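Remarks on the structure that follows.
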Amino acid sequence: RLIFTCCHPALEEKTRIALTLRSLCGLTTAQVAAVFLDAEPTMGQRLSRARAKIAAARIPFVLPRPEDLPDRLNSVLTTVYLIFTAGYAQGPQTGSDLCDEAIFLARLLAQLAPDEPEVEAALALLLLTHARAPARTGAGGQTLPPARQDRRLWDPALLGEGEALLDQAVARRKPGPFQLKAAIAALHCAEDGPDWPQIAALYARLQDFEPTPVVALNHAVALAEAGHPAMALALVQRLSAELADYQPFHAVQADLLVRTGQFPDARRAYATAIRLAASGADRAFLQARLAALE
């Protein structure tokens, strides 16, 4: 009941995440503020306003009715996924491992909503991604993409559980966005390396559910890896206005400019990506790519 209250659609996305971390994951206000790089008093005011809004709007402290579950459930799953991605980007620097907290919440949802394929798929997505965590950083402190990681460091138990949950979800024949995301994560873990044409096809399908610029960017990456860098670059350049402040956009653009032989523009894109990088590991990876280009 509490997780559905924290993630009510009446609250904005940032507030849902903050309230979930504070109320369900036990983080202090200072730790929640650190997730968003906010001052503690500012975050305290946000949390207070959220509680006041819940009271004023009389948001019920109940599980949604069956007919209301699909819309509310996607909001909850998205909040849990965003908590995971914040942990994935930051590591345990906030004093709590947000990836572990998100997996805890996903497991709780799996108990609350058994036989729900999107919940099973969301948990599968987190497990398949987290299984690669020990191999994410190379010896030089650089972020490594899955294809360059040491597979011996991957967690086989998490991989097996994630794949079994995904199979279980798909077998229910009720497709949804988290099933597509989990399938993409599973293809990244394939024994013979990522199946890029299939990943590109899944991202194209995901855009039917989530027509966002970030999904379009990931689709472009998959197209480039599948052997179509010029097509991918054309797609990416259409996103420049919407993703001007999004660091991965500039990293992807830089890589595609290199692939298509536009080296001066690639250098500028790498410089922007390095400036916007949120972690030292990502910065080291991009600096190495720029140095190799030089």
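The values are calculated or read from the model by the stated rules, or taken from the named source; none is laboratory data. If you're wondering where the values come from, they're calculated on a predicted model, not measured in any experiment. When we count neighbours, we look across all protein chains shown, and the Cβ atoms used for this are built from the backbone with ideal geometry, even at glycine. To get the accessible areas, we keep the full protein, side chains included, count just its heavy atoms, and leave off ligands, DNA and RNA. Shrake-Rupley method; radii C 1.70, N 1.55, O 1.52, S 1.80 Å.
Table for the structure above
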quantity	calculated
Test: residue in the range 138-148 that is modelled with pLDDT of 85 or more, more than 19 Å from ALA86 (Cα to Cα) and not hydrophobic (A, V, I, L, M, F, W, C)	no
Enumeration of residues in the range 90-111 that are of a type in the set (Ser, Thr, Tyr) and modelled with pLDDT of 85 or more	none
Contacts under 7 angstrom Cβ, first residue in the range 36-59 being without any contact (Cβ under 8 Å) to a residue 12 or more places away in the chain, partner open to solvent by 40 Å² or more (accessible area, probe 1.4 Å) and assigned to a helix (DSSP H, G or I), 6 or more apart	GLU40/ALA30
Per-region count, the range 1-29, residues part of a loop (DSSP other than H, G, I, E, B), open to solvent by less than 10 Å² (accessible area, probe 1.4 Å) and closer than 18 Å to LEU109 by Cα	1
Options ALA133, ALA102, ALA124; residue that is at negative phi, in contact (Cβ under 8 Å) with a residue 60 or more places away in the chain and open to solvent by less than 50 Å² (accessible area, probe 1.4 Å)	ALA124
Candidate set: the range 162-199, residues that are within 18 Å of VAL252 (Cβ to Cβ) and over 17 Å from the mean Cα position of the chain (by Cα); chosen: the one most open to solvent (accessible area, probe 1.4 Å)	TRP196
Qualifying residue in the range 80-97 (condition: assigned to a helix (DSSP H, G or I) and of a type in the set (Asp, Glu))	no
Residues satisfying the stated conditions in the range 58-79, i.e. assigned to a loop (DSSP other than H, G, I, E, B) and either open to solvent by 60 Å² or more (accessible area, probe 1.4 Å) or within 21 Å of ALA110 (Cβ to Cβ) (or both)	ARG58, PRO60, PHE61, VAL62, LEU63, PRO64, ARG65
Selected residue [open to solvent by less than 30 Å² (accessible area, probe 1.4 Å) and within 21 Å of ILE184 (Cβ to Cβ)] from ALA277, ALA284, ALA224	ALA224
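Here is a yes/no grid of residues against (1) in a helix (DSSP H, G or I); (2) farther than 26 Å from THR79 by Cβ:
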position	(1), (2)
LEU109	yes, no
PRO114	no, no
GLU120	yes, no
LEU126	yes, no
GLY160	yes, yes
VAL170	yes, no
